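Data first, discussion second: the structure below is written as structure tokens.
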Amino acid sequence: MKSEARFIDQEQRDRAAQDISESYIIEAAAGTGKTTVLVTRIINLIRAGDARLEEIVAITFTEKAAAELKVKLRQKLEEELSTVSNPDEQNRLSKAISDLERMQVTTIHSFCGSLLRERPVEAGLDPNFEIADDLTSSLVQTEVWEGWLEKQMNANDLALRRAVLIGITPEQIRKVSQFVLGNHDVLQYLPSPPSLEEVEKTIGQFIKPFQKSVHSLNHLKKYCKNPDEDKAAQKIDQLNEQFLKLQSLPQEEKGIFIFKETHVGSSKPGNRKTGRAKDILKTFEKK
């Protein structure tokens, strides 16, 4: 006769299932036995008389998982009832089988819905409300999103306007909103957005070094033999144009321009044949 297989973490499994005086958190992949431990723990609670089945709540992720949990629980209750000899435990198990449909084995959405239906007046809800399925929820989100976007655009929202001007599409903003909606419980831990004064200060800190760098590059153009063909010289001209345009813009548009238009540096070097690298190096060595 083969001995019953034991898992490497069997001691932890047994502790979680048998020790009903403590609470446990079990983290494991699908199909590793979490439901079995949960069912055994529920059975032990009933046998000890610490709780009736109607006083126990089992939360699952899906309706399918909830149905499967009830089936496994019924099978285990009937199995235990056929083997237990203690009359008190027999009565508790028998009653648990009769009361199985009164136990809350459900998803978090359904459980919260049942609590709200018990107190609809206090919750300010219609007692006949329904929990939206995935399709209905998606349609409602789309309707709310479109209404919000139209309202903010009409109000000339500064943050939204900046996002659109730098090339972020409404669909990308919507994806961000969906991510935020799915993680709203951690929003309180995010840093606060910078104030307008901080943004303007940062823009100023960029413009001054940018101006200095462009001025230094202008000094190097005199070493170029053919500015019309030298890509480095063309880049310097481009940076001069960008700086002049940056200076001419109103303050609220400077940050957008910096983010979208300025690109200092290039992966392609200038034409060595049209420049005098040695002369340039000597000039800097003298300095």
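The values are calculated or read from the model by the stated rules, or taken from the named source; none is laboratory data. Please read all numbers here as calculations on a predicted model, not as lab measurements. Glycine gets a Cβ as well: all are built from the backbone with ideal geometry, and neighbour counts include every protein chain shown.
If you check Lys245 against the conditions, is it surrounded by 10 or more Cβ atoms within 10 Å (Cβ to Cβ) and at pLDDT 80 or above?
yes
In segment 56-66, what residues are loosely packed, with under 12 Cβ neighbours inside 10 Å and either part of a helix (DSSP H, G or I) or of a type in the set (Phe, Trp, Tyr) (or both)?
Phe61, Lys64
Taking into account only those residues within segment 116-126 that are surrounded by 11 or more Cβ atoms within 10 Å (Cβ to Cβ) and under 22 Å from Glu63 (Cα atoms), which is nearest to the chain's Cα centre (by Cα)?
Across segment 116-126, the extreme among qualifying residues is Leu116.
Pick from segment 164-179 the residues that are modelled with pLDDT under 85 and out of contact with any Pro (no Cβ under 9 Å at 6 or more places or on another chain): which of them is surrounded by the fewest Cβ atoms within 10 Å (Cβ to Cβ)?
Out of the qualifying residues, it is Gly167.
Report, ordered by the first and then the second residue, all pairs with beta carbons closer than 6 Å, sequence separation of six or more or different chains, a first member in segment 164-180 that is farther than 21 Å from Ile258 by Cβ, and a second member that is surrounded by 11 or more Cβ atoms within 10 Å (Cβ to Cβ).
So the pair list comes out as Arg174/Trp145.
Do we have any residue at all in segment 59-78 that's under 44 Å from the mean Cα position of the chain (by Cα), within 28 Å of Asp133 (Cα to Cα) and among the polar types (S, T, N, Q)?
Looking for residues that are under 44 Å from the mean Cα position of the chain (by Cα), within 28 Å of Asp133 (Cα to Cα) and among the polar types (S, T, N, Q), one finds at least one in segment 59-78, hence yes.
Just wondering, is there one or more residues in segment 98-107 that are in the same structural domain as Leu53 (by TED's automatic domain parsing), among the polar types (S, T, N, Q) and loosely packed, with under 13 Cβ neighbours inside 10 Å?
Yes, some residue in segment 98-107 is in the same structural domain as Leu53 (by TED's automatic domain parsing), among the polar types (S, T, N, Q) and loosely packed, with under 13 Cβ neighbours inside 10 Å.
Could you list, ordered by first residue, the pairs with Cβ atoms under 7 Å in which the first is in segment 39-67 and touching a residue at least 40 places away in the same chain (Cβ under 8 Å) and the second is assigned to a loop (DSSP other than H, G, I, E, B) and buried (at least 19 other Cβ atoms within 10 Å of the Cβ), at least 6 apart or interchain?
Leu53/Met103; Glu54/Met103; Ile56/Met103
Within segment 81-108, work out how many residues are under 21 Å from Thr36 (Cβ atoms), free of Cβ contacts under 8 Å to residues at least 40 places away in the same chain and out of contact with any Asp or Glu (no Cβ under 8 Å at 6 or more places or on another chain).
So the count comes out to 4.
Taking segment 131-163, which residues are without any contact (Cβ under 8 Å) to a residue 60 or more places away in the chain, under 30 Å from Gln251 (Cβ atoms) and aliphatic (A, V, I, L, M)?
Correct list: Leu149, Met153, Ala155, Ala159, Leu160, Ala163.
Only one of (1) at positive phi; (2) touching a strand residue (DSSP E or B) at 6+ places or on another chain (Cβ under 8 Å) fails for Gly124. Which number is that?
(2) is the only condition that Gly124 fails.
With the checklist (1) under 21 Å from Leu158 (Cβ atoms); (2) outside the structural domain of Glu253 (by TED's automatic domain parsing) in hand, flag the one item Gln178 doesn't pass.
Exception for Gln178: condition (1).
Which of the residues that make up segment 79-97 are loosely packed, with under 14 Cβ neighbours inside 10 Å and either of a type outside the set (S, T, N, Q) or in contact with a His (Cβ under 8 Å, 6 or more places away or on another chain) (or both)?
Glu79, Pro87, Asp88
Taking Ile131 and the conditions (1) in contact with a His (Cβ under 7 Å, 6 or more places away or on another chain); (2) loosely packed, with under 10 Cβ neighbours inside 10 Å, which numbered condition does it fall short on, given that it satisfies the others?
(2)
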